[in-house]
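To start, the structure under review is shown below, and the notes come after it.
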Amino acid sequence: MDEFLGVKYVMVGYENFEDYLIFIGVGYIARKAALALRPTHCLTLNENGTYTFSFHSKLVSSSVTFVSGLEFDEIKPDGIKVKSLITIVGNKMIHIQREENGRTSKHIREFFEDKMVATTTAEGLNKVVKRYFEAVR
């Protein structure tokens with residue numbers, strides 16, 4: 001994973017992303033705004049051994065600092081509180097989010113030299129969501 005740390009990845013396309021936003025309850029206006037954004041994602045390793053995963057766009061930015069394999073409390077960009085577990089395995093960052101209502105989403109971000117592909121699944125959503133990012137160097 002070291003070769004992908006600090007690289008910024010900007011979203012260039014998606015499949016079924018709006019369906020996922022509807023599934024998790026994002027309202028119409030917020031959903032349309034989210035679809036129009038081209039957010040940048042970046043994963044860094046901190047001096048103390050924790051990772052920080054950041055998300056930046058023109059409307060909203062957030063970051064989460066975590067220890068790979070250790071559950072933590074997270075507040076998603078939409079304000080929803082979840083229990084999260086992020087595990088770094090090879091070139092993948094596996095991010096599981098469990099809401100208080102029991103709904104669980106799994107985001108697998110696979111890093112490559114020139115791109116990142118984020119695949120999202122959720123219990124109860126019968127579609128696979130893909131988001132495509134290009135590396136910005």
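The values are calculated or read from the model by the stated rules, or taken from the named source; none is laboratory data. What you are looking at is a predicted structure, and each value in this text was computed from that prediction instead of being measured. FYI the Cβ positions are ideal-geometry reconstructions off the backbone, even for glycines, and counts take in every protein chain you see. Note: areas computed on protein heavy atoms with side chains; ligands, DNA, RNA excluded. Shrake-Rupley method; radii C 1.70, N 1.55, O 1.52, S 1.80 Å.
Note on E110 and E15: the extension gain reaches 32.6 nm, defined as 0.36 nm multiplied by sequence separation minus the Cα-Cα distance. Across the protein chains, with a 1.4 Å probe defining accessible surface, the residues H56, H41 rank H56, H41 from largest area downward. Cross-link partners of K58 among lysines, defined as those whose alpha carbon lies under 19 angstrom from its own and excluding same-chain residues fewer than eight positions apart: K8, K32, K76. Placing unit charges on the Cβ atoms of the charged side chains and taking the dipole of the chain about its Cα centre, the candidate lying farthest along the positive direction among S57, H107, H95 is S57. Each Cα pair under 8 Å and six or more residues apart adds its separation to the average, and for region 1-104 the resulting relative contact order is 18 percent. Rounded to the nearest 0.05, what FRET efficiency do N126 and N46 give with R0 = 41 Å and r taken as the Cβ-Cβ distance? Could you check? Once the sixth-power term is evaluated, E becomes 0.60. Taken about its Cα centre, the chain carries a charge dipole of roughly 400 debye when the Cβ of each Lys and Arg holds +1 and the Cβ of each Asp and Glu holds -1.
Only Cα pairs under 8 Å and at least 6 apart count here; give the relative contact order of region 75-137 as a rounded whole percent. Reported relative contact order: 20 percent.
Ranking of V128, V64 by solvent-accessible surface, largest first: V128, V64 (1.4 Å probe, protein heavy atoms only, all chains present). Over all other residues within a Cβ to Cβ distance under 11 Å of T120, the charged ones net out to +3, with Lys and Arg as +1 and Asp and Glu as -1.
In this structure, I94 and L35 have a Cβ-Cβ separation that, at R0 = 25 Å, corresponds to a calculated FRET efficiency of about 0.50. Only protein atoms count toward the accessible area here, which uses a 1.4 Å probe; on the chain, the carbon and sulfur part of that area reaches 53 percent.
Taking each residue as 0.36 nm, the span from K8 to S54 lengthens on full extension beyond its C-alpha to C-alpha distance by 15.6 nm.
For E71, the solvent-accessible surface with a 1.4 Å probe is about 100 Å², rounded to the nearest 10. For the chain, with a Gaussian network of springs between Cα atoms less than 10 Å apart, report the residue from Y28, Y20, Y51 with the top mean-square fluctuation. Result for the chain, Cα springs under 10 Å: Y28 fluctuates most.
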